[in-house]
Protein chains: 2
Amino acid sequence: MTELIDIEQAAGRLSDVAVRTPLLSNSELDKVAGGAVLVKPECLQLTGSFKIRGAYNFLCQLSPEEAQRGVVAFSSGNHAQGVAAAGTMLGIQTAIVMPEDAPRAKLDNTRRLGGEVITYDRYTGDRETIAREIAAERGSVVVPSYDHDYIIAGQGTVGLEIAQQCAELDARPDQVLVCCGGGGLIAGSAIALKANYPDVAVHSVEPEGFDDTARSLVSGRREHVDPAARSICDALQAHSPGAKTFAINRQLLADGLVVSDADVRAAMRFAFLNLKLVVEPGGAVALAAVLAGKIETQDKTTVVVLSGGNVDAELFAEIQREGSG
Amino acid sequence: MTELIDIEQAAGRLSDVAVRTPLLSNSELDKVAGGAVLVKPECLQLTGSFKIRGAYNFLCQLSPEEAQRGVVAFSSGNHAQGVAAAGTMLGIQTAIVMPEDAPRAKLDNTRRLGGEVITYDRYTGDRETIAREIAAERGSVVVPSYDHDYIIAGQGTVGLEIAQQCAELDARPDQVLVCCGGGGLIAGSAIALKANYPDVAVHSVEPEGFDDTARSLVSGRREHVDPAARSICDALQAHSPGAKTFAINRQLLADGLVVSDADVRAAMRFAFLNLKLVVEPGGAVALAAVLAGKIETQDKTTVVVLSGGNVDAELFAEIQREGSG
């Protein structure tokens, strides 16, 4: 199954366009964890999240005819920016269906990166239907958010880089924590990590209410979220694991961790104060799991992926102020 | 003169204790500059600024007798944290004289890192006198903030890493912009940069009102700041260039750039929105110079050092909100 997901090939395609984000350590974080924690800050990636990796890997494999008709995507914001930026790089027109209450930074940036933005109501509209209608009208390909080999391979370059960078640092990772919406980033990363470190434990991290992957890993089938669920993590609100991603994740993941919005806010403050990184709510869940003690880190080497940093200034300011009373 | 400043040796001492911060690129920044801009984020350094480099290099060269009597330093905050952290690493007691209105994050962190903090009034007290009195009482060595070969050598490892990382990226820097308080970071960095790239132009950047190095480079003698001057850049408020640092800087620097507080605030917002980095006011002046067009960047390769990220949440939030109206 995973042989169709060529992460090395994706890495080759991305080497000239994406940032090889560093693998950072921080003494405060090590102190809190009681062990070594390595941080992969994809907030430093082009477009402020890892999503450009999968989007570019998908778009550059379109046929010339497909490329000419443009593409359509639906996204709460990070995939939107990744698709828009990759489209601009490759000269492909992009239309993105986004929730009207997406963070303003994500809406603005998607337009600025060259995407045509079409908004809808997150709680009453169906973005997938809207996107498919537009695609049908225009004869465009839909760029999946996660459930496609090319997307999974592109996002998996995060895991490949972690494996390479751990080797460069002479560090053997015991466990890697990765946020999980639809599961593309963790599926691809788990393939690359397990290929290099067969014993590494890869854990998904989700916000409370959107723990569909955690529950699916337990039940063995794709569970759904309660439509009434709400979370500060706008980037991690997939309704269920993807078919392809879950087929990989159920084989490769250790288990699924779950964090609260309060854990996430505390992690964003920690990142501000100690890591000096701007991390968005969905990007902070893996760090939150470590800081909230959701997993044993004592005397272990733990890698956490900070998947993105696209957060509105107002919300960021509000969260930072909570900690400065 | 510069042969006493052994930056390679300092780099060897620091290799196991300090972070080799990455050299990052960002497409938005390149777009604004019309050329390649490489960012050296020392906000990601241990203690949140480059200051640990010089402090550690100084403290580890004390005699056992000196080390046993502890050290004293005076600092607005970043040198304080660097000295406190280096002291804790090396088992040396540290006392730090700090302005009572220093950013709370800097005061708190200095204590947390193991330093004894002694506060004074920035505008009526003389921190140097206070520090020398304490040193005399205790028989302690004073750790200079900038005007010492070991400090300059330690800070110069920033420039050495930039030179190495440019070579790794196959990039030849045309110009390097470095913030300047007393001038230790830029003096050491200029030595390392000029040794590797003799034609590179190294520019100091200072906030308005604290442009003593810029004016000194013009007049050829050490100029002083107006005691009435105020700036948001708490880390860059030295009253005049150091004797040693200026002797180096007048030989090696191109010229001095000056930015306004408004330029700095805009740069901090840019860093938040696009670089996803938390940069303190004094750490943002080099970026501010690029963004405010204080230097030609079109079709050039420009390196900017972001020297630190220790900013209080309240001020950071206030500055971010200015841009989200």
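The values are calculated or read from the model by the stated rules, or taken from the named source; none is laboratory data. Everything numeric in this text was worked out from a predicted model, so none of it was measured. Quick reminder, even Gly has a Cβ in these numbers, built from the backbone with ideal geometry, and neighbours come from all protein chains shown. For the accessible areas, the whole protein counts, side chains as well, though only heavy atoms, and no ligand, DNA or RNA atoms are used. Shrake-Rupley method; radii C 1.70, N 1.55, O 1.52, S 1.80 Å.
B:Ser76 fulfils the conditions (1) under 22 Å from B:Asn310 (Cβ atoms); (2) touching a strand residue (DSSP E or B) at 6+ places or on another chain (Cβ under 7 Å); (3) small (Gly, Ala, Ser); (4) open to solvent by less than 10 Å² (accessible area, probe 1.4 Å) except for a single criterion, (4). Being more than 23 Å from A:Val279 (Cα to Cα) and either out of contact with any His (no Cβ under 7 Å at 6 or more places or on another chain) or open to solvent by less than 20 Å² (accessible area, probe 1.4 Å) (or both) holds for only one residue in A:Ala163, A:Ala195, and it is A:Ala195. Put simply, of A:Ala187, A:Ala229 the only residue that is in the same structural domain as A:Val259 (by TED's automatic domain parsing), aliphatic (A, V, I, L, M) and either in contact with a Leu (Cβ under 9 Å, 6 or more places away or on another chain) or touching a residue at least 24 places away in the same chain (Cβ under 8 Å) (or both) is A:Ala187. Determine whether region B:290-303 contains at least one residue that is open to solvent by less than 10 Å² (accessible area, probe 1.4 Å), over 22 Å from B:Asp174 (Cβ atoms) and either of a type outside the set (Gly, Ala, Ser) or free of Cβ contacts under 8 Å to residues at least 24 places away in the same chain (or both). Checked region B:290-303: no residue is open to solvent by less than 10 Å² (accessible area, probe 1.4 Å), over 22 Å from B:Asp174 (Cβ atoms) and either of a type outside the set (Gly, Ala, Ser) or free of Cβ contacts under 8 Å to residues at least 24 places away in the same chain (or both). Taking the listed residues A:Ala67, A:Ala85, A:Ala36, A:Ala105, the one that is within 14 Å of another protein chain (Cβ to nearest Cβ), farther than 27 Å from A:Glu314 by Cβ and of a type in the set (A, V, I, L, M, F, W, C) is A:Ala36, with no other qualifying.
Set side by side, the residues A:Gly323, A:Gly309 differ, and just one is touching a Lys or Arg at 6+ places or on another chain (Cβ under 7 Å), more than 21 Å from B:Ala284 (Cβ to Cβ) and within 14 Å of chain B (Cβ to nearest Cβ), which is A:Gly323. Here B:Asp234 passes the criteria (1) charged (D, E, K, R); (2) crowded, with 19+ Cβ neighbours inside 10 Å; (3) within 14 Å of another protein chain (Cβ to nearest Cβ) except the one numbered (3). The residues listed here are B:Arg69, B:Arg13; of these, the one that is open to solvent by 10 Å² or more (accessible area, probe 1.4 Å) and not assigned by TED's automatic domain parsing to the domain that holds B:Gly114 is B:Arg13.
Filtering region B:16-50 to residues that are open to solvent by 50 Å² or more (accessible area, probe 1.4 Å) and either of a type in the set (A, V, I, L, M) or part of a strand (DSSP E or B) (or both) leaves B:Ser25, B:Val32. Among the candidates B:Lys51, B:Lys40, B:Lys31, the residue that is basic (Lys, Arg) and in contact with a Leu (Cβ under 8 Å, 6 or more places away or on another chain) is uniquely B:Lys40. The condition of being open to solvent by less than 50 Å² (accessible area, probe 1.4 Å), at pLDDT below 95 and within 14 Å of chain B (Cβ to nearest Cβ) holds for only one of A:Ala317, A:Ala284, A:Ala271, that being A:Ala317. Can B:Gly182 be described as touching a helix residue (DSSP H, G or I) at 6+ places or on another chain (Cβ under 9 Å) and crowded, with 24+ Cβ neighbours inside 10 Å? So B:Gly182 fits the description; yes. Within region A:51-66, the residues that satisfy the criterion of being open to solvent by 10 Å² or more (accessible area, probe 1.4 Å) and either in the same structural domain as A:Leu160 (by TED's automatic domain parsing) or closer than 26 Å to A:Cys233 by Cβ (or both) are A:Lys51, A:Tyr56, A:Phe58. Among the candidates A:Arg265, A:Arg230, A:Arg221, the residue that is of a type in the set (D, E, K, R) and closer than 24 Å to A:Ala36 by Cα is uniquely A:Arg265. Looking across region A:202-214 at every residue that is closer than 17 Å to A:Gly184 by Cα and of a type in the set (D, E, K, R), the one that is most open to solvent (accessible area, probe 1.4 Å) is identified as A:Asp211.
Restricting attention to region B:245-263, does a residue exist that is within 14 Å of chain A (Cβ to nearest Cβ), surrounded by 19 or more Cβ atoms within 10 Å (Cβ to Cβ) and either in contact (Cβ under 8 Å) with a residue 60 or more places away in the chain or among the charged types (D, E, K, R) (or both)?
No.
Take the residues in region B:14-33 that are in contact (Cβ under 8 Å) with a residue 60 or more places away in the chain and closer than 30 Å to B:Gly70 by Cβ; name whichever of them is farthest from the other protein chains (Cβ to nearest Cβ). The selected residue is B:Leu14. Residues that are of a type outside the set (A, V, I, L, M) and in contact with a strand residue (DSSP E or B) (Cβ under 6 Å, 6 or more places away or on another chain) were ranked within region B:287-303; the one that is farthest from the other protein chains (Cβ to nearest Cβ) is B:Lys294.
What number of residues in region A:7-28 are among the acidic types (Asp, Glu) and modelled with pLDDT of 95 or more? Walk me through it before giving the result.
As a first pass, look at region A:7-28 and keep what is among the acidic types (Asp, Glu): A:8, A:16, A:28.
Applying the additional criterion that residues be modelled with pLDDT of 95 or more yields A:8.
Final tally of qualifying residues: 1.
Looking only at residues of region B:90-100 that are open to solvent by 20 Å² or more (accessible area, probe 1.4 Å) and out of contact with any Asp or Glu (no Cβ under 8 Å at 6 or more places or on another chain), we find that the one that is farthest from the other protein chains (Cβ to nearest Cβ) is B:Gly91. Listed conditions (1) closer than 28 Å to A:Val200 by Cβ; (2) more than 14 Å from chain B (Cβ to nearest Cβ); (3) part of a helix (DSSP H, G or I) are all met by A:Arg222, apart from (3).
Taking (1) part of a helix (DSSP H, G or I); (2) of a type outside the set (Phe, Trp, Tyr); (3) surrounded by 18 or more Cβ atoms within 10 Å (Cβ to Cβ); (4) touching a residue at least 40 places away in the same chain (Cβ under 8 Å) in turn, B:Leu217 satisfies each apart from (4).
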